[in-house]
Amino acid sequence: MTRAIVIGGGPAGLAAAVALASEGVSVTVLEADRELGGRARHWEGDGYRINLGPHALYPQAERSLNGLGVEVTGRTPNQDLTFELDGRTHPIPSGPLSLLSSGAFSLAEKMRLARLFASIGKPPTASLATQTVAEWLDGLGLTGGARRFAEAGVRIATYANAPERLSAAVAVRQLGSAQVRYVDGGWGGIVDALARRAEGLGVTIRTRAKVRSVEPGAVQLEGEALACDAVVLAVGPKRAVSLLGAHAPASLRAFAEEAAPVRASHLDVALRALPRARPSLVLGADRPLYASVHSSYAEVAPEGGAVIHLARYLAPDERVDPAAARRELEAVLEQIQPGWRGHLVHARFAPASLVMHALPEARSGGVAGRPAALVTPGVAVAGDWVGDTGLLLEASLASALAAAHAVMPLSVSEPRAAV
């Protein structure tokens, strides 16, 4: 039987393991941490499940999960959605009529935003891949408050605060995706479901398994070598290069060196009760901020309780003052939920949490500039930085399936002739 080792126990690694095991491959997953999940981990206690920062599930990623045997429930945030512009709070326009009646924009701005809305939902043109978001918005004539609102929409859709670098095609595709949903049970529930599915297929999962290197036909741990026929590296680009050592192709080394990580400051809180029922979401147009009551749309809190995620989208290479970043997010929370500290159950703050390993930049053609899954014969990579499909979790799952197929032996990866 073919033996495969998957390094990394996040969604990409677990998805690759499920895909391989489904084809009869003997799979072992090695996770360096004491628990699975990576950035999809959550804190759980007293009936609360708090994601590691804000997460939303896009339809394409949900379809991939369904194909792996994982069903997801939850609801779409669609009420009491607001944005802040010039110090005032306005409802987020949901269509032409609400845009026309909005008091946030002038008539000229509304006309230009209508052009923007009309372009969303259509397949992005090839030229948009090498245009930055800033160049795309320039072409639409967006300035002032309308421009800041559009940039805020791009930030919430892509989690990236880089209009001068992000590929416009990536932004258009994300903005045009169907409505997202917040997930019942938090993102840790997705990890748990993938792990159960993997173990049900006979996958061996080992935590606290720190890999030192990947050699042809073997994976070297601390004090142990595991023989294998195939390896999937479901880790970040720099880690993949480090593990492969001299076996890492020059193209992969170059990508890892140039990759610009996407990061965010975030504050995640559990409250016994909400001081205010509304709004359920606030998007910053004046500042790159976001706040959302996830428990309004997903089962992540006990009856009467609430889970709120706040984030500040960081620009590439932005230096963060942790104390100042936390004060800013706490001030936003106080603004929308005054007296929240009196209801606090749990809070977690991260000053510069990793959101995505590599920004899809216009200069490299957006997602087309990411490495392919197959690195060398029998070795593939998977993650949000791999392949030309999707963003965030969608990219992780798509690349996991591509990596599994790439390292699978022909005897199981090619369709058999009818007898």
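The values are calculated or read from the model by the stated rules, or taken from the named source; none is laboratory data. These numbers were taken from a predicted model, which means no experiment stands behind them. Cβ coordinates were reconstructed from backbone atoms using ideal geometry, including for glycine residues, and neighbour counts include every protein chain displayed. Please note that ligands, DNA and RNA were not included when accessible areas were found on the heavy atoms of the full protein model with its side chains. Shrake-Rupley method; radii C 1.70, N 1.55, O 1.52, S 1.80 Å.
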*With a ≥ b ≥ c taken as the square roots of the eigenvalues of the C-alpha gyration tensor of region 199-331, please select rounded if a/c is under 1.5 and otherwise prolate if a/b is larger than b/c or oblate if it is not?*
oblate
*Could you list which residues have their amide H under 5 Å from that of Val355, counting only those 5 or more apart in sequence or on another chain, with H placed in the peptide plane?*
Val262, Arg263, Ala264
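Would you kindly calculate the translational diffusion coefficient of region 65-139, applying Stokes-Einstein with the Kirkwood radius from alpha carbon pairs, for 37 °C and a viscosity of 0.692 mPa s, and quote it in µm² s⁻¹ without decimals?
It comes out at roughly 212 µm²/s.
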*Using alpha carbons only: equivalent-ellipsoid semi-axes of region 354-414, gyration tensor based, whole Å*: 23, 11, 9
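Can you tell me the accessible area per residue over the chain, all protein chains present, probe 1.4 angstrom, in square angstrom?
Details: 18130 Å² over 419 residues.
I get 43 Å² per residue for this part.
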*Sequence of Thr207, Thr132 when ordered by accessible area, the most exposed leading, probe 1.4 angstrom*: Thr207, Thr132
*List the lysines whose alpha-carbon lies under 20 Å from that of Lys238, not counting same-chain residues fewer than 8 positions away?*
Lys210
*Seen from all sides and averaged, what is the projected area of the convex hull of the Cα atoms in the chain, in nm²?*
21.7 nm²
_Suppose we keep just the alpha-carbon trace of region 121-234; what are its Rg and Dmax in angstrom?_
21.7, 61
_Modelled label reach - Glu318, point 7 Å along Cα→Cβ, region 152-179 residues with backbone N closer than 13 Å_ = 152, 155-156, 159-164
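Put Met408, Met356 in order of accessible area, largest first, 1.4 Å probe: what do you get? Intermediate results must be reported in sequence, preceding the final value.
Details: Met408 25, Met356 0 Å².
Result of the area sort, largest leading: Met408, Met356.
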*Go ahead and set up a Gaussian network model of the chain, Cα springs under 10 Å, then flag whichever of Ser251, Ser364, Ser242 fluctuates most.*
Ser251
*Given region 303-353, what whole percent of its Cα pairs are spread farther than 19 Å?*
31 percent
*Solvent-free Debye scattering, log10 I(q)/I(0), computed from the Cα coordinates of region 298-419 at q = 0.23 Å⁻¹*: -1.23
_What lysines does Lys122 reach when the alpha-carbon gap must be under 27 Å and sequence neighbours fewer than 8 apart in one chain are set aside?_
Lys110
_What does the net charge come to around Pro360 if you take all other residues with beta carbon closer than 11 Å to its beta carbon, with K and R at +1 and D and E at -1?_
+1
